There are 2 protein chains.
Amino acid sequence: MNPNLRAALVAYREVIGDEQVVVEREVLTRYETATFHTDNKIVAVLRPSSVEQVQQCMAISTQYSVATYPISTGKNVGYGSRVPSADNCIILELKRLNRILEFNEDLAYVSLEPGVTQQQLYDFLKEKKSKLWMDATGSFLDHSIIGNIAERGFGHTPFADHFNNVGGMDVVLANGKLLHTGFGRFGNAKAAGVYRWGVGPYLDGLFAQSNLGIITRVTLWLMPAPEYCQNFFFSVEKSDDLSEVIELLRPLRLDGTIQSAMHIGNDYKVISSIRRYPWEESQGEVPLSKELMAKLAEKWDFGAWNASGSLYGSKQEVALARKRIKKHLQGRVKKLRFLDEGLLRLAEKLQKPYHWLTGVNLPEMLKLLKPIFGLTTGVPTGEMIASTYWRKKQAAPANPDPDRDRCGLMWLAPVAPTKGQYAQEIWSIVESTMLKYAFEPAVSITLITERAMDCVVSISYDRDVAGEDERAQSCHDEMLNKLTASGYYPYRLGIHSMGGLPASEDAYIELMTALNGVWNPNKIMAPSRYPFK
Amino acid sequence: MNPNLRAALVAYREVIGDEQVVVEREVLTRYETATFHTDNKIVAVLRPSSVEQVQQCMAISTQYSVATYPISTGKNVGYGSRVPSADNCIILELKRLNRILEFNEDLAYVSLEPGVTQQQLYDFLKEKKSKLWMDATGSFLDHSIIGNIAERGFGHTPFADHFNNVGGMDVVLANGKLLHTGFGRFGNAKAAGVYRWGVGPYLDGLFAQSNLGIITRVTLWLMPAPEYCQNFFFSVEKSDDLSEVIELLRPLRLDGTIQSAMHIGNDYKVISSIRRYPWEESQGEVPLSKELMAKLAEKWDFGAWNASGSLYGSKQEVALARKRIKKHLQGRVKKLRFLDEGLLRLAEKLQKPYHWLTGVNLPEMLKLLKPIFGLTTGVPTGEMIASTYWRKKQAAPANPDPDRDRCGLMWLAPVAPTKGQYAQEIWSIVESTMLKYAFEPAVSITLITERAMDCVVSISYDRDVAGEDERAQSCHDEMLNKLTASGYYPYRLGIHSMGGLPASEDAYIELMTALNGVWNPNKIMAPSRYPFK
């Protein structure tokens, strides 16, 4: 151990206590484990419990030049989990900073620390009998809200674009100093948190997908619960119909008929949400054959592409939007169906097919529909984590942990303008590349904003099968190269893709390098995280 | 003239041509003139016509250490017009970069240069028979859209928060290098302009209200024109009713019943929009007496506070929103009235009172209502510039130019969370301070976002009256001090207020100074613009 690191560890222990500086090899190994192969080793995990301790730890890291990688609750599944983007880092885990610092029902916001999980915020709002909704995700119940925001993750309601609902931040810089963004830099500013721009440059953007600071507080805007919410679903039969689906939906998303982030999953995506790989029926063959997929699709009544969206407002407003959607989509898509809480409750009670559920495996469908409906109304769910076990030979246990159970998962999420031709081109690259590597091309397209869609591609595999880790990484890399060559760049990177972008063509690298030189002078903060390319 | 400057001028002339480097004293004096007293002199005006020329000019400025102040069309009225924030600058005027570079009807955006004016974009959309609306302002028809965005100006439709509708930028740095924000740094990225965050840190925020770069291109999102738009108006009688008005409106703004930036103007604001100061009736006395205001208010039928908002959607959707607004406001406010294009046309044709216009000076009211309705449907207007002549002894000419005509105008625009008590407290500070200095406390409160309001205070005076410039500045400074001491910070600064903020309490100054050291190394870009406090 180099003497600098030794001295730093002594200093960290003084600040946060011996038991919060973890160096046991067994624990470190767990932190070094993701849902794909990783090489980066860590030397310790620090567990501060307050902003002051985070500041002190960073001051120590700077003093002794110790590379330090902050994580919140470390649930960055599919993108690297808790594993740092560089070798030989210390992990600074912010799980213990888990306070909800402020709550304002009138102005519809909450202010929280990085250890606050989505389940915690959900429970808090419930306990307060709040009429506000959070926007939830289908990832872990204990994933950090700030961690998700820092990666610009998204959800399902009109507040789906999480970073877009940040009213202000506190940030600890590499040198340990604290910064308040927006009006927050003036201690008495009343509008801090509600008016994000503040006065002067707007800085929040610097701290998402970057290594320029550690977010220790976010003011998050919440959504006033509408009187009524209704989901709608439809599908199309052929994978070539994707282009038309996107063209049909764009105007509805742009004009506000659909106010939330719609999702369009393909057959591979749907089946992996419902069940594990059909090892028996396929007699162990991969990838899933077209014939078997056709059978599964018939059984569960899904199409090549399956869309789900949600309408919000008064009952009458939703009725108007529904009418417009029907008029626009009827005859052009299959099985346009609407679902609300009442119908869901009824279906659950009866457990027998409704007209719109005719022929469907109802209990199985409800298992999928209930959490989807929940997500569109701000209820987090951990149900979908089971899908990371898609290619495993055993079912997901009651407490799924894809890192521990050697589930293979890599995500790649290119963004495009919401145009049919782009969706179709992305799909064509993804399908051909993934099938070539014998993986199922599971894709979910999210109309994240009025104009843009995120196409989330899952490479799911079994890390216990020899050679799969390498094959998945090769498949990922080839796909990323093809996508960026065609103009489709990912909205987010993982440690498997941090080095995968082509070089940019302007002053960006020079500028960001200089910026980093100022804000992260001895490069100790999260090295190689979102490198400047 | 110092030899560096002399050499720089030679170099500028080589790049952009002799006739585009203006040094005539008479012209320079015009650029040094705002709607309040300014001391800063300029040494030349450069008029490049392309991004390449802007880059070359900045490279020269850096080489010869010439302080350079970029302006777009220079219509920053009430905040300093074209006058730089420091003495002895060269002005880099971007008026000739006036191309609309890209237009996409399907994805609802336009990409433009800093010389593009709001009238130009409006005409362009009309010519294209576009079904998209821009968001317009009541400032000059020839004000620059990018200039307004760079100051985070706002308008009247659901797209009122202009900076919030920027999809990406091109920026020339102090050293002349070009940066594309978001995905734009990858030359082939299809989502550049539609997905603003890009991948990695989001940088756009750095270039609004700053001196870190010159914005030479913005992709601006436009609003799909709704089927129907209806304005609504109401007033309250007592100035103390403001608090209740804000409390009534907040939930409607938060839940999306009101999707646009509502405006609430007080009696002083309304009267100064309708006519000049009543010099005759007041026998030359200032400020306007309560008695005379009461008479004027009766004649034109306005209240102590007068709100105007707008509803958008299908006719049926607007009807639902209208019903909700009626239910929520009726009995609590006076004269709740609704106005749409049909009614406006009819009223114009008949020129006689409608029920809702009973007793009102109809031609005068229409003069005010028509441009307001226009603004809520994306039609720019120059009509409101006349109000800058409020305290002048002569009426505004056909081609109003407040700088030239020595109109006095200073703006101060504190932000607060949308709570009645805050509005009332701001109003109390503004009223007492302005009356003390014998100015009319004209205030317009804009519910700019779901949670925040901008309170725009106008100090209007006549620069031809001896001592008024000084008195206005003192009034402004005292008001700003009181407001910030109470926690109300302005959303924007002018050159009359650049030095007026208290020091911040965290790492901000240190950080921004370092940032500036990197991006603006010899401090030649817009010195003293949004200083780091």
Quiz prompt | Helix A:51-63 vs. chain A, principal-axis angle (Cα, 0 to 90°, nearest 10) | solution = 60 degrees
Quiz item: If you wrap a convex hull around the Cα atoms of region A:110-167, how much volume per residue is inside, in Å³?
Solution: 81 Å³
Quiz item: What residues qualify as long-range amide H neighbours of B:Gly80, i.e. H under 5 Å apart, gap of 5 or more or another chain, H built at 1.01 Å from N?
Solution: B:Thr35, B:Ile495
Quiz prompt | Selection from B:Ala452, B:Thr484, B:Pro531, by position along the positive dipole direction of region B:392-533 (Cβ) | solution = B:Pro531
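What dipole magnitude, in Debye to the nearest 20, does region A:1-117 give about its Cα centre under +1 on Lys/Arg Cβ and -1 on Asp/Glu Cβ? Before the final figure, lay out each step's value.
Numbers: 11 positive and 14 negative charges, 70 e Å.
Result for region A:1-117 is approximately 340 debye, rounded to the nearest 20.
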Quiz prompt | Within region A:229-310: Cβ-based charge dipole about Cα centre, in debye rounded to nearest 20 (Lys, Arg +1; Asp, Glu -1) | solution = 300 debye
Exercise. Enter the Cα centre distance for the pair region B:1-16 and region A:284-314, rounded to the nearest angstrom.
Key: 68 Å
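Please give the net charge around B:Glu505, taking every other residue with its beta carbon less than 13 angstrom from that of B:Glu505, where Lys and Arg add +1 and Asp and Glu add -1. If you can, show how the numbers build up before the last one.
Working: positive: A:Lys177, A:Arg185, B:Lys533; negative: A:Asp170, B:Asp506, B:Glu510.
Residues near B:Glu505 contribute 0 overall.
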Quiz prompt | Interchain or long-range residues, amide H under 5 Å from B:Ile258's placed H | solution = B:Arg253
Quiz prompt | Stokes-Einstein D for region A:266-336, Kirkwood Rh over Cα pairs, 4 °C, 1.567 mPa s (µm²/s) | solution = 89 µm²/s
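Please report, in debye to the nearest 20, how large the charge dipole of chain B is about its Cα centre when each Lys and Arg carries +1 at its beta carbon and each Asp and Glu carries -1 there.
Numbers: 60 positive and 60 negative charges, 225 e Å.
For chain B, the charge dipole is close to 1080 debye.
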Quiz prompt | Overall dimensions of region A:401-474 as given by Cα atoms, namely Rg and Dmax in Å | solution = 13.9, 43
Quiz item: Once the dipole of region A:45-117 is set up with Lys and Arg at +1 and Asp and Glu at -1 on Cβ about the Cα centre, which of A:Cys89, A:Asn76, A:Cys57 lies farthest towards its positive end?
Solution: A:Cys89
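How large is the Kirkwood hydrodynamic radius of region A:186-298, counting all unique pairs of alpha carbons, in Å? Kindly include the intermediate steps, with their values, before the conclusion.
Values: mean 1/r = 0.0508 Å⁻¹.
For region A:186-298, the Kirkwood estimate is 19.7 Å.
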Quiz item: Tell me, what are the semi-axes, in whole angstrom and largest first, of the equivalent ellipsoid of chain A as set by the roots of 5 times the Cα gyration tensor eigenvalues?
Solution: 38, 28, 22
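Ignore the peptide's own chain and count Cβ atoms of other chains within 10 Å of each Cβ in B:448-460; give me the average, rounded.
That average works out to 3.
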Self-check item: For A:Asn481, inter-copy label distances in nm, listed shortest first [label point 7 Å out on the Cα-Cβ vector]
Solution: 6.7
Quiz item: Fully extended, how many nm does the chain gain between A:Lys334 and A:Glu227 (0.36 nm per residue separation, minus their Cα-Cα distance)?
Solution: 35.7 nm
Quiz item: What value does the protein assembly as shown have for Rg/Rh, both radii from Cα atoms and Rh as Kirkwood defines it?
Solution: 0.97
Quiz item: Relative contact order (percent) for region B:62-194, with alpha-carbon contacts under 8 angstrom and 6 or more residues of separation?
Solution: 18 percent
Practice problem: Among B:Ala347, B:Gly408, B:Pro397, pick out the residue whose Cα is farthest towards the positive end of the charge dipole of region B:307-426, where Lys and Arg carry +1 and Asp and Glu carry -1 on C-beta, about the Cα centre. | Solution: B:Ala347
Self-check item: Surface/4 estimate of mean projected area, convex hull on alpha-carbon atoms of region B:379-533, nm²
Solution: 11.9 nm²
Quiz prompt | Rule-of-thumb Rg ratio for region A:491-533 [Cα; 2.2 N^0.38 Å; N residues] | solution = 1.18
Quiz item: How big is region B:78-121 in terms of Cα radius of gyration and Dmax, in angstroms?
Solution: 14.6, 46
Quiz item: Would you list A:Thr29, A:Thr181, A:Thr62 from the most to the least accessible area, probe 1.4 Å?
Solution: A:Thr29, A:Thr62, A:Thr181
Quiz item: What are the residues whose amide H is under 5 Å from the amide H of A:Tyr109, where those residues sit 5 or more places off or on another chain and H is modelled from the backbone?
Solution: A:Asn104, A:Leu222
Self-check item: Virtual spin-label span in nm between A:Phe124 and B:Glu24, 7 Å along Cα→Cβ
Solution: 6.4 nm
Quiz prompt | region A:239-391 - Debye-derived log10 I(q)/I(0), Cα point model, q = 0.11 Å⁻¹ | solution = -0.48
Practice problem: For A:Ser497, A:Ser139, give the ranking by accessible area with the largest first, probe 1.4 Å. | Solution: A:Ser139, A:Ser497
Quiz item: For A:Arg345, what accessible area in Å² do you get when you roll a 1.4 Å probe over the heavy atoms of the protein chains, rounding to the nearest 10?
Solution: 140 Å²
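The values are calculated or read from the model by the stated rules, or taken from the named source; none is laboratory data. Note that the structure is predicted; figures quoted are calculated from it, not measured. FYI the Cβ positions are ideal-geometry reconstructions off the backbone, even for glycines, and counts take in every protein chain you see. We work out accessible area using only protein heavy atoms, side chains counted, and drop any ligands, DNA or RNA first. Shrake-Rupley method; radii C 1.70, N 1.55, O 1.52, S 1.80 Å.
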